[in-house]
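Written out below as structure tokens is the structure these notes cover.
The values are calculated or read from the model by the stated rules, or taken from the named source; none is laboratory data. Source: prediction; values computed, not measured. Glycine gets a Cβ as well: all are built from the backbone with ideal geometry, and neighbour counts include every protein chain shown.
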Amino acid sequence: MSETILEIDDLSTQFFTSEGKVNAVHGFDLELERGEVFGIVGESGSGKSVTALSLMDLVESPGRITSGSVGYRNPSFAENMRTSYPDAVDGDLVDLRAIPEDARRSLRGTAFSMIFQDPESSFNPSLTVGEQIAEAVEVQQRATAMPRSGRAKTRGPEYSLGSYLMSMALPSKRYVTESSRARAIELLETVGIPDPAQRADEYPHEYSGGMLQRAMIAQALASEPDVLIADEPTTALDVTIQAQILDLLNELQAETGMTILLITHNLGVVARMCDRVGVMYAGEIVERGTLEDVFDDTVHPYTKGLLGSVPDLEGTADRLQAISGNVPSLLDHEMGDRCYFADRCPKAMDTCLEKPRSFDVDADGRHSVTCYLAEENYDPDRALEEGRFASEGAVSDVGGDSQ
Ligand code: SF4
């Protein structure tokens, strides 16, 4: 039986704006298994990217993680934390929300890596690509030198904490070592950059979009992460390059056995990459399961709407289905206590005025859905009248497309 590497429970992230509290992510639960690829799919404003940033502990003001736990399974890290923070450790699981920020930070860029949506704005334009990847190698090696990190990887003497401190005291000494540069070239080769030794000395503006995305994957791999969070990794690329990048991620995942959390609005990307999928709406996962569960045995009307809006090359339908309306306001005082999809749902009934809990669709609980239709059939006699929610707010924009 596979082992869970991340156990996220009831995670909530709010933004404190002049208009009020915005519930970008609320009550988010997820168990990620070691070595799986889990996709989170949803439209802009559903909270996907804020979820990724919350897991990386990168939420910036006015946002804040307000509740929940993020359990990370790593025996050596748990051992390192056990004495100082016994309440945060349960067996070999460490609740990252219950340890200090500096201890959490030691995992970022080492145990957890992230590929961001836009590689052009993620690389520093004044440093060569090779230097920036080598720097990520150094970060990983530095973390290995620190007892708190829980990383159990080999390192050369030039990566010791002492050498790092020495490099800070003697600026003439290059901190990015020859061996980390050599590793950066190796990584560029791994992700398919031609002539990597020469390309390592080039600046980001000299790379095409596809090459830069490959370089960002190389940078994320530098730390040999347990969990890679890929936030819309192919959004900015044309379709042929998209396919190459997805195939590359697939190959690297198979080689390294890392866990990937893939954030996307593209169901085709999910179908190509993922073992399981969670459909996110208004800050929570409303349907989750294997690809077969969610694509072939769909229950939630929002998931059906998403699937209906995908072009089918063999289909005969004249028009794609659209989901009417917008993602609802996520302002706390406007959300109410009803199904958040009720104002757009073609099957909303009187029961939906009370917020549904998550129902298991199958016996083993792998396919679950936050919708009453998991337990009862649609009854047109109980349908909500049209325009029932007309006076309610629309999308509350927290970070635009980055959500
Ligand atoms: S709970 Fe009701 S309103 Fe919400 S998705 Fe299900 S049927 Fe639609």
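Worth pointing out:
Residues are listed down the side, and each one gets a yes or a no for (1) at pLDDT below 95; (2) in contact with a Phe, Trp or Tyr (Cβ under 6 Å, 6 or more places away or on another chain); (3) under 23 Å from Ala282 (Cα atoms); (4) crowded, with 22+ Cβ neighbours inside 10 Å:
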{"site": "Glu43", "(1), (2), (3), (4)": "yes, no, yes, no"}
{"site": "Ala52", "(1), (2), (3), (4)": "yes, no, yes, yes"}
{"site": "Glu60", "(1), (2), (3), (4)": "yes, no, yes, no"}
{"site": "Gly68", "(1), (2), (3), (4)": "no, no, yes, no"}
{"site": "Ala103", "(1), (2), (3), (4)": "yes, no, no, no"}
{"site": "Arg108", "(1), (2), (3), (4)": "yes, no, no, no"}
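- Taken as a whole, segment 283-300 holds no residue that is farther than 30 Å from Val37 by Cβ, loosely packed, with under 15 Cβ neighbours inside 10 Å and not hydrophobic (A, V, I, L, M, F, W, C).
- Note on segment 267-386: enclosed helices (runs of 4 or more DSSP H) holding 1 or more residues that are more than 16 Å from the ligand (Cβ to nearest atom) are 267-273, 291-296, 332-335.
- Reported count of residues in segment 9-35, each being part of a loop (DSSP other than H, G, I, E, B) and under 29 Å from His367 (Cβ atoms), is 2.
- Some residue of segment 318-326 being among the acidic types (Asp, Glu), closer than 30 Å to Asn377 by Cβ and over 20 Å from the mean Cα position of the chain (by Cα): yes
- Of all the residues in segment 326-349, those that are among the small types (Gly, Ala, Ser) and at pLDDT 90 or above number 2.
- Condition broken by Glu292, with the remaining ones in (1) without any contact (Cβ under 8 Å) to a residue 12 or more places away in the chain; (2) touching a strand residue (DSSP E or B) at 6+ places or on another chain (Cβ under 9 Å) satisfied: (2)
- For Arg97, the criteria (1) touching a Cys at 6+ places or on another chain (Cβ under 7 Å); (2) assigned to a helix (DSSP H, G or I) hold in every case but one, which is (1).
- Elements of type helices (runs of 4 or more DSSP H) in segment 176-226, at least 3 residues being of a type in the set (Asp, Glu) and assigned by TED's automatic domain parsing to the domain that holds Arg142: 178-190
- In segment 351-362, the residues that are farther than 16 Å from Val299 by Cα and surrounded by 13 or more Cβ atoms within 10 Å (Cβ to Cβ): Thr351, Leu353, Lys355
- Flag if Arg64 is part of a helix (DSSP H, G or I) and of a type outside the set (Asp, Glu): no
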